[in-house]
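**Q** Here it is, the structure in full.
Here, each number is a calculation from the coordinates, and none is a lab measurement. Every value quoted in this text rests on a predicted model; they were computed, and no experiment measured them. Glycine gets a Cβ as well: all are built from the backbone with ideal geometry, and neighbour counts include every protein chain shown.
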Amino acid sequence: MLPSVFLSHGSPMHALEPGAAGAAWAALGRRLGKPRAILIASAHWETSLPMLTGSAKPQTIHDFHNFPEPLYRLRYPAPGAPELAQRAQALLRDAGLGASIDGTRGLDHGAWAPLLYAYPDADVPVVQVSVQPALGPRHQVALGNSLKSLSGEGVLIIGSGHLTHNLRDWSRGRGKPEPYAAEFQAWVKEKLEQKDLAGLLDYRTRSAHGARAHPTDEHFLPLFFALGAAPEGSRPERIYDAIDDGVLAMDAYVFNA
């Protein structure tokens, strides 16, 4: 069974200037090898109920503004996997989670930016799944759990979000790491290693900086998706940690069997 993965996808500029994060994504792709397909939850697709991309040729969505023009020329032409989308939809429905397939939506940068380096040949079929901020972290764990069996069928399950994501702080200063971001980063690592899912689920009240690290939930929800999809008894392995621009923690985790 493949592990599940959580990635902090960073600024869209990582697609153009990948830096150390891109090197970590590339190393992860080499380590895991080529899966049959990828199912990736991105913080940049928010819906009220779960949705899956069903296009056989998903477009590369440039869902950002006021960035350098070369960034908009990047493409990630990975094929879609309509049959996997249908299989995932059936699993979600069996778990009592209504799910729909969007036959026209492409891949947003939360999906394609890290995959551009993890699987640069764009030869692994990709299905994206949405997150549901209104339903909270517990729902996202259930979503991942209902799809866990796909890991045994050669499907790599990834949650793509951010360990911290406060763009208001980001806009005010980009110097050395802010203490609150580093402290929340350490708190999450500790809870993951302790397998304290209850603490993580209530991160806003149980951590000193949860509400500041995530003024809104959507970028933290992919972590819960990856946790739900993790193999039974899995161990968290942090494969990358850094804090960009003072406030954006870039941690990546693999949840190994």
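**Q** Given the C-alpha centroids of segment 178-211 and segment 86-163, what is the distance between them in whole angstrom?
**A** 24 Å
**Q** Determine the shape class of segment 29-68: with a ≥ b ≥ c the square roots of the Cα gyration tensor eigenvalues, call it rounded for a/c under 1.5, and otherwise prolate if a/b is greater than b/c, oblate otherwise.
**A** On the way: a/c = 1.88, a/b = 1.27, b/c = 1.48.
Oblate, since a/c reaches 1.5 and b/c is not below a/b.
**Q** Can you tell me how segment 1-84 classifies by the Cα gyration tensor, rounded, prolate or oblate, using a/c under 1.5 as the rounded cut?
**A** Values: a/c = 1.61, a/b = 1.12, b/c = 1.44.
Because a/c hits 1.5 or more and a/b fails to exceed b/c, segment 1-84 counts as oblate.
**Q** Moving on. Along the principal axes of its C-alpha atoms, what lengths does the chain span, in descending order and rounded to whole Å?
**A** 46, 43, 34
**Q** Could you tell me which trypsin sites (Lys or Arg not before Pro) in segment 1-62 are loop residues by DSSP with no more than 15 other beta carbons within 10 angstrom of their beta carbon?
**A** Numbers: sites: ARG30, ARG31, ARG36; in loops: ARG36.
For trypsin sites (Lys or Arg not before Pro) across segment 1-62 that sit outside H, G, I, E and B with at most 15 neighbouring Cβ atoms in 10 Å, the list reads ARG36.
**Q** Quick one: Debye curve from the C-alpha atoms of segment 20-147, no solvent, what's log10 I(q)/I(0) at q = 0.13, 0.22 Å⁻¹?
**A** -0.54, -1.34
**Q** Let me have the relative contact order for segment 1-151, percent, based on Cα pairs under 8 Å that are six or more residues apart. Don't skip to the answer; put the middle values down first.
**A** Details: 242 pairs, mean separation 59.8, N = 151.
Answer for segment 1-151 is 40 percent.
**Q** Among the trypsin sites (Lys or Arg not before Pro) within segment 42-107, which fall in a DSSP loop and have no more than 16 other Cβ atoms within 10 Å of their own Cβ? Before the final figure, lay out each step's value.
**A** Values: sites: ARG73, ARG75, ARG87, ARG93, ARG105; in loops: ARG75, ARG105.
Sites meeting the loop and neighbour criteria: ARG75.
**Q** Does segment 117-210 classify as rounded, prolate or oblate by the C-alpha gyration tensor (a ≥ b ≥ c root eigenvalues; a/c under 1.5 gives rounded; else a/b over b/c gives prolate, otherwise oblate)?
**A** oblate
**Q** What aspartates and glutamates does LYS148 reach when the alpha-carbon gap must be under 18 Å and sequence neighbours fewer than 8 apart in one chain are set aside?
**A** GLU83, ASP94, GLU232
**Q** Right, next: With a cut-off of at most 16 other beta carbons within 10 Å, and DSSP calling the residue loop, which trypsin sites (Lys or Arg not before Pro) in segment 145-213 qualify? Please list them.
**A** Numbers: sites: LYS148, ARG168, ARG172, ARG174, LYS189, LYS191, LYS195, ARG204, ARG206, ARG212; in loops: ARG174, LYS195.
Those satisfying the criteria are ARG174, LYS195.
**Q** Between SER130, SER48, SER11, where does the largest GNM mean-square fluctuation fall for the chain, given springs only between Cα atoms within less than 10 Å?
**A** SER48
**Q** Run the reach check for LYS57 against lysines, Cα to Cα strictly under 23 Å, same-chain hits fewer than 8 apart removed. What comes back?
**A** Answer for LYS57, where 23 Å is the Cα cut-off: LYS34, listed by chain and number.
**Q** Next up: Using a Gaussian network model on the chain with a 10 Å cutoff between Cα atoms, which of ASN145, ASN166, ASN66 fluctuates the most?
**A** Answer for the Gaussian network model of the chain: ASN66.
**Q** Among HIS209, HIS139, HIS65, whose mean-square fluctuation peaks in a Gaussian network model of the chain (Cα, cutoff 10 Å)?
**A** Top of the fluctuation ranking is HIS65.
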